[in-house]
Amino acid sequence: MKRRQFDWQLPDAIERRLGDTTYGRQRTIYEEDHLLIILHAPPGADDEQRVPEVFLRKPDGELLCNGQPNGDFRMRKLLAAYQKIFEELTEIYEQSSGKDTSELFALLEALAPLNRSSTNMAAALQSARELSKTDQFLIGMRDEAYELSRSIELLYTDTKAALDYRIACNAESQAKKAHEMATAQHKLNVMAAITFPLMAIAAILGMNLVHGFENGSPLVFYSVFIAGLIVGLIVKKWVTQNGD
């Protein structure tokens, strides 16, 4: 794929510093009193390629964008596009409950490329400001880009912290449940160790002993049944309670 050509004449010194297929990363090139500022449009989460916004400051101070005049307006529009996306993502973050991990992952996925791109854009405009010396417009754009980059970085950091906190809470909850299950399993093993030998002996010997209750009142049966039920509830509480 050939690098996109614009309707302007670049100095040969600048042309030699550009690749044949792409304008590359966000940066500045200064040759023969011409300042080339390579910026990128706001990236999407799934964008594999960056859309270049190329500005050329001529020796007389005129600023062009992609071969067209009104470069000042186009640069303001570029920063406004970043600002709009930042405000939309901020609103999503503020409306998020913080409990849905998938929401935080999606927000972080959108913020990561925007954070990198805005940081590189601020660095490129800082370099442009140093090369253009006293250009007040570039000074203002540099300052706006820095504030925007800082705001996006803070939102990215807050989102990542919220996601890490949510993951830590989930891990802690799972560890607690695993401990409770292990404790209950241990108690069941203790019960099995006590009752299994008794049941095995009773099964082998067939212990049908005469106890005198064969002809007794039905109340005896119900009394034994209720007593067994109470013992079962006590054992259930012991197995399911926390601690050893």
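The values are calculated or read from the model by the stated rules, or taken from the named source; none is laboratory data. These numbers were taken from a predicted model, which means no experiment stands behind them. Glycine gets a Cβ as well: all are built from the backbone with ideal geometry, and neighbour counts include every protein chain shown.
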Q | Which listed residue, of Ala128, Ala122, is free of Cβ contacts under 8 Å to residues at least 60 places away in the same chain and of a type in the set (Gly, Ala, Ser) | A | Ala122
Q: Could you tell me which numbered condition Glu53 fails, if it satisfies all but one of (1) surrounded by fewer than 20 Cβ atoms within 10 Å (Cβ to Cβ); (2) within 17 Å of Ile29 (Cα to Cα)?
A: (1)
(Q) Condition first: assigned to a helix (DSSP H, G or I), of a type in the set (Gly, Ala, Ser), at pLDDT 95 or above and out of contact with any Gly (no Cβ under 7 Å at 6 or more places or on another chain). Can you find one or more residues in the stretch 80-101 that meet it? (A) yes
Q | Filter pass, Ala112 being in contact with a Phe, Trp or Tyr (Cβ under 9 Å, 6 or more places away or on another chain), at pLDDT 90 or above and closer than 30 Å to Ala171 by Cβ | A | yes
(Q) Please verify whether Ala145 is farther than 30 Å from Glu94 by Cβ, in a helix (DSSP H, G or I) and at pLDDT 75 or above, treating the condition exactly as stated. (A) no
Q: Scan the stretch 58-69 residue by residue and report those that are among the basic types (Lys, Arg) and either in contact (Cβ under 8 Å) with a residue 40 or more places away in the chain or part of a helix (DSSP H, G or I) (or both).
A: none
**Q.** Close pairs (7 angstrom Cβ cut-off, 6 or more residues apart or separate chains): in contact (Cβ under 8 Å) with a residue 60 or more places away in the chain and closer than 12 Å to Phe55 by Cβ in the stretch 70-96, aliphatic (A, V, I, L, M) and not in a helix (DSSP H, G or I) anywhere
**A.** Asp72/Leu63
(Q) For the stretch 24-75, give me each residue that is polar (S, T, N, Q) and under 19 Å from Arg4 (Cα atoms). (A) Gln26, Thr28, Gln49, Asn66, Gln68
(Q) Let me spell it out: the conditions are (1) of a type outside the set (Phe, Trp, Tyr); (2) modelled with pLDDT of 80 or more; (3) on the phi > 0 side of the Ramachandran plot, and Gly206 meets all of them except one. Which number is the exception? (A) (2)
(Q) Quick check on the stretch 139-168: of everything there that is of a type in the set (A, V, I, L, M, F, W, C) and without any contact (Cβ under 8 Å) to a residue 60 or more places away in the chain, which residue is surrounded by the most Cβ atoms within 10 Å (Cβ to Cβ)? (A) Ile139
Q: Check whether at least one residue in the stretch 185-204 is in contact with a helix residue (DSSP H, G or I) (Cβ under 6 Å, 6 or more places away or on another chain), within 20 Å of Gly71 (Cβ to Cβ) and of a type outside the set (Ser, Thr, Tyr), and report yes or no.
A: no
Q) On the given criteria, is Glu172 assigned to a helix (DSSP H, G or I), over 30 Å from Leu114 (Cα atoms) and modelled with pLDDT of 80 or more? A) yes
